[in-house]
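Taking it in order: structure first as structure tokens, then the write-up.
The values are calculated or read from the model by the stated rules, or taken from the named source; none is laboratory data. This one's a predicted model, so the numbers in the text were calculated from it and none came from an experiment. All Cβ positions, even for glycine, are placed from backbone atoms using ideal geometry, and neighbour counts span all protein chains on display.
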Amino acid sequence: MVNLGDIAKATGFSKATVSRVLSGDPSFTAKESTRHRVIQVANELGYALRTSRSGIPQTIAVLENFDSSPGPRDSYFSDVREALSERAIENMMSLSFFPDVRSLIDASEEYSGFVSLGPAPLTREDLTALHEALPHGVFIDINPAPTLFHSVRPDLQQTVIEAIYALREQGRTRIGFIGGDGHMMGSHLFCQDPRTIAFDEWARLLNMPVEGLVFATGPFTVDNGRRQTEALLDACGQKVPDALLVAADSLAVGVLQALFARGIRVPDQVAVVSIDNLEVCEYTAPPLSSYAIEPPELAETTLMLLSDSIVGRFKHKHHILLSTRLVARQSFVPAEETSES
């Protein structure tokens, strides 16, 4: 059975130092390199496997893999970033933030593992170099290297399916879709986002009309949401859809602007439902119904998955999907809520 003396002997530090590092003694100040070495050896010897997953303090790097410029979409990443910081404190983890892969690799010796937040694509070369430097990592929102790292993502495809059924249950049969550009999955760049893929597939399975009703290219921005909605309305002519499912709130703000400019009433003529449930949903006209992705759940799941990876609990990479929930506002009220009122 591994004890503190074994770890002290393997690291060259005193038993007292090892004990205070592993116990998370707040009065003990140690170099990050010392903490990292003690935790690393404890994990390698199997000591951490007999402790609670959050019992050993860990130093974690966070790769901010997104554009931090202000905007509705970027507030989602800011919310997840804040949730990560809060959960890290609760789980005896200290976080350091990095703007790019290379700076993270250069500082890798100071960290037990990393979290990557954001959708920006990474090259295969960078991912391989990152794995060599920091083998324990969890990606949030994307899954660029399934055989190298873990991932935690909202289940966007299931969310789209639930939204389609909710709209159809209310009698909305001519459903349009507004989305954005594709995504990375492993080393493959898909031209379609998973939300668009899910909509196309289920529209086909349910024999839903799609001609002139699907516009899903370009960035996830307000301007692009407005432009694509205008294009959709032009393509439809007099046959306006009775519902629009939108891939993200940032796009949906532009969707509502375009509908208002054309004098189309929401939700009387066109119901609108989106995904993300950002704060902006409460202030649109009308307030936007949206499927909530919970940043605290993403953060907690990510840090626990990373901690389990660091202490050696897994032989294989885990890829976790988190469900969403509809927050109904005026732009779309589900049939069951309408009947109850």
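A few comments on the model shown:
- Count of region 141-178 residues which are buried (at least 18 other Cβ atoms within 10 Å of the Cβ), among the aromatic types (Phe, Trp, Tyr) and more than 24 Å from VAL115 (Cα to Cα): 1
- Residue satisfying condition, being out of contact with any Cys (no Cβ under 9 Å at 6 or more places or on another chain), assigned to a helix (DSSP H, G or I) and not assigned by TED's automatic domain parsing to the domain that holds GLY176, within set ALA231, ALA203, ALA258, ALA299: ALA299
- Residue in region 258-269 that is basic (Lys, Arg) and in contact (Cβ under 8 Å) with a residue 12 or more places away in the chain present: yes
- Exactly one residue out of GLU201, GLU211 is at pLDDT 95 or above and either aliphatic (A, V, I, L, M) or loosely packed, with under 14 Cβ neighbours inside 10 Å (or both), and it is GLU201.
- Selection count where residues are out of contact with any strand residue (DSSP E or B) (no Cβ under 8 Å at 6 or more places or on another chain) and over 17 Å from SER307 (Cα atoms), scope region 74-83: 5
- Exclusive hit being under 23 Å from PHE215 (Cα atoms), in contact with a helix residue (DSSP H, G or I) (Cβ under 9 Å, 6 or more places away or on another chain) and at pLDDT below 95, set SER290, SER250: SER250
- Residues satisfying the stated conditions in region 215-233, i.e. surrounded by fewer than 21 Cβ atoms within 10 Å (Cβ to Cβ) and among the hydroxyl-bearing types (Ser, Thr, Tyr): THR217, THR221
- Region 304-341 - residue that is at pLDDT 90 or above and of a type in the set (Lys, Arg) and, of those, surrounded by the fewest Cβ atoms within 10 Å (Cβ to Cβ): ARG325
- Positions within region 109-121 being closer than 23 Å to THR147 by Cα and surrounded by fewer than 19 Cβ atoms within 10 Å (Cβ to Cβ), in sequence order: GLU109, ALA120, PRO121
- Within region 101-134, considering residues that are of a type in the set (S, T, N, Q) and in contact with a helix residue (DSSP H, G or I) (Cβ under 8 Å, 6 or more places away or on another chain), the one modelled with the highest pLDDT: SER108
- LEU278 in contact with an Asp or Glu (Cβ under 6 Å, 6 or more places away or on another chain), surrounded by fewer than 22 Cβ atoms within 10 Å (Cβ to Cβ), of a type in the set (A, V, I, L, M, F, W, C) and over 19 Å from GLN170 (Cβ atoms): no
- Counted as qualifying within region 84-182 are the strands (runs of 3 or more DSSP E) with 1 or more residues that are under 25 Å from ASP308 (Cα atoms), namely 93-98, 113-117, 137-140, 150-154.
- Subset of region 206-228 [among the polar types (S, T, N, Q) and assigned to a loop (DSSP other than H, G, I, E, B)]: ASN207, THR217, THR221
- When region 83-120 is filtered for residues that are free of Cβ contacts under 8 Å to residues at least 40 places away in the same chain and either touching a Gly at 6+ places or on another chain (Cβ under 6 Å) or of a type in the set (Lys, Arg) (or both), only ARG102 remains.
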